[in-house]
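First comes the structure, then the notes that go with it.
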Amino acid sequence: MQILKTPQDIQSQCRKWRDDGASVALVPTMGYYHAGHMDLMRHARTLADKLVVSLFVNPAQFGPGEDLAAYPRDSERDAAIARDLGVDALFTPTPEVMYAPDHATWVAVPDLARGLCGAARPVHFRGVCTVVLKLFMLTSPDVAVFGRKDWQQLAIIRRMARDLNLPVRIEGRPTVREEDGLALSSRNVYMTPEERAQAPEIRNGLLLAREMVRRGERRVPLLTQAVLHRWAEHLPLGRPDYLSVVHPESLEPLDAVGDAALMACAVRMGKARLIDNILLTA
Ligand code: PAF
């Protein structure tokens with residue numbers, strides 16, 4: 001596995017592969033790998049001749065007061081995992097080589113970035129879109145793979161790729177969970193043992209909503225009320241940031257569950273802000 005650190009190096013390597021007729025898959029990551037990242041890499045490995053993984057804690061997607069400095073990092077372990085999974089090139093740039101001091105160009109999908117996580121993190125998705133587009137320009141992937149835990153991110157990237165006619169297929173992978181149902185996240189390490197013990201209740205609340213839909217309930221206010229009620233009882237250490245039911249593609253809020261509906265949430269558990277989601281009609 002090559003470890004490439006500059007935009008020039010990754011771009012010329014990917015160009016060379018493409019000139020030789022090889023297809024390229026990309027998995028963008030911020031590192032501190034867990035089984036969710038490993039699933040993305042394993043899956044991407046099956047999709048193309050060459051697999052590129054980027055490992056970059058992108059400052060542009062962190063707002064003031066967010067956890068940029070504290071974001072967990074372990075680049076040596078990450079590189080060993082990537083190597084074991086058959087990654088051909090690990091791209092590990094520094095912020096300085098990714099962003100010029102007078103960087104002034106941003107890509108945004110405001111209509112999809114306004115609600116859900118975007119409400120509390122106003123610059124987040126602009127930073128995500130900008131770095132992901134830069135990574136696409138550097139690696140020219142045939143396919144790029146993202147996790148569905150970050151559903152809003154995936155929907156926004158799909159929309160960006162469609163609207164800008166980017167020649168890349170976007171694939172979403174199911175959320176990987178701990179045995180007790182907690183969605184894997186690099187930020188889970190921020191939790192105390194007490195918070196960690198309660199955290200699976202986030203998922204249990206969402207499962208309750210899906211079960212209510214299965215039994216015929218369609219009214220969104222009743223569904224959210226039931227989840228919040230359950231959380232108040234079983235998740236006292238959690239502070240819900242939002243709990244919304246939206247259309248899975250447009251991310252427009254819904255009053256009633258129709259053919260396609262996604263319940264998404266963010267819950268603060270001490271220092272951790274955890275997100276999760278569930279398709280109510282799957
Ligand atoms: O999901 C992430 O880890 C990041 O938002 C991404 C897609 C790697 C962009 O920095």
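The values are calculated or read from the model by the stated rules, or taken from the named source; none is laboratory data. Because the structure is predicted, anything quoted here is derived from the model rather than measured. Methodologically, a virtual Cβ is constructed for each residue, glycine included, from the backbone with ideal geometry; neighbour enumeration extends over all protein chains shown.
Of all residues in segment 53-65, those that are near the ligand (Cβ under 10 Å from one of its atoms) and among the polar types (S, T, N, Q) have Cβ atoms under 8 Å from Cβ atoms of residues that are at pLDDT 95 or above and assigned to a strand (DSSP E or B), 6 or more apart or on another chain, in Ser54/Leu26; Ser54/Val27; Ser54/Pro28; Ser54/Thr29; Ser54/Leu90; Ser54/Phe91. Just one of the numbered conditions (1) hydrophobic (A, V, I, L, M, F, W, C); (2) in a loop (DSSP other than H, G, I, E, B); (3) without any contact (Cβ under 8 Å) to a residue 40 or more places away in the chain is not true of Ala48: (3).
Taken over segment 259-281, the residue count meeting the criterion of being in contact (Cβ under 8 Å) with a residue 24 or more places away in the chain, part of a loop (DSSP other than H, G, I, E, B) and surrounded by fewer than 23 Cβ atoms within 10 Å (Cβ to Cβ) is 3.
Remark: Asn165 matches the filter, which requires a residue to be at positive phi and either touching a residue at least 60 places away in the same chain (Cβ under 8 Å) or not small (Gly, Ala, Ser) (or both). Taking the listed residues Val189, Val213, the one that is within 16 Å of the ligand (Cβ to nearest atom), of a type in the set (A, V, I, L, M) and farther than 20 Å from Leu40 by Cα is Val189, with no other qualifying.
Restricting attention to segment 222-277, the residues that are on the phi > 0 side of the Ramachandran plot and of a type in the set (Val, Ile, Thr) total 0.
One line per residue, one yes/no per condition, for (1) under 30 Å from Thr6 (Cβ atoms); (2) aromatic (Phe, Trp, Tyr); (3) out of contact with any Ser or Thr (no Cβ under 8 Å at 6 or more places or on another chain):
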residue: Arg148; (1), (2), (3): no, no, no
residue: Leu166; (1), (2), (3): yes, no, yes
residue: Asn188; (1), (2), (3): no, no, yes
residue: Met212; (1), (2), (3): no, no, yes
residue: Glu217; (1), (2), (3): no, no, yes
residue: Gln225; (1), (2), (3): no, no, yes
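Return the residue satisfying two criteria in turn: it lies in segment 218-251 and is over 22 Å from Gly115 (Cβ atoms) and touching a residue at least 12 places away in the same chain (Cβ under 8 Å), and of such residues it is surrounded by the fewest Cβ atoms within 10 Å (Cβ to Cβ). Even if it seems obvious, please write down each step before you answer.
Taking segment 218-251 and keeping what is over 22 Å from Gly115 (Cβ atoms), we get 229-230, 232-237.
From what's left, touching a residue at least 12 places away in the same chain (Cβ under 8 Å): 230, 234-237.
On the way: Arg230: 17, His234: 14, Leu235: 22, Pro236: 11, Leu237: 17.
Checking each candidate, the answer is Pro236.
Within the option set Gly63, Gly21, being in a loop (DSSP other than H, G, I, E, B) and in contact with a His (Cβ under 8 Å, 6 or more places away or on another chain) holds for one residue only, Gly63.
Listed by position, the helices (runs of 4 or more DSSP H) enclosed by segment 91-176 that each have at least 2 residues that are small (Gly, Ala, Ser) and within 15 Å of the ligand (Cβ to nearest atom) are 151-163.
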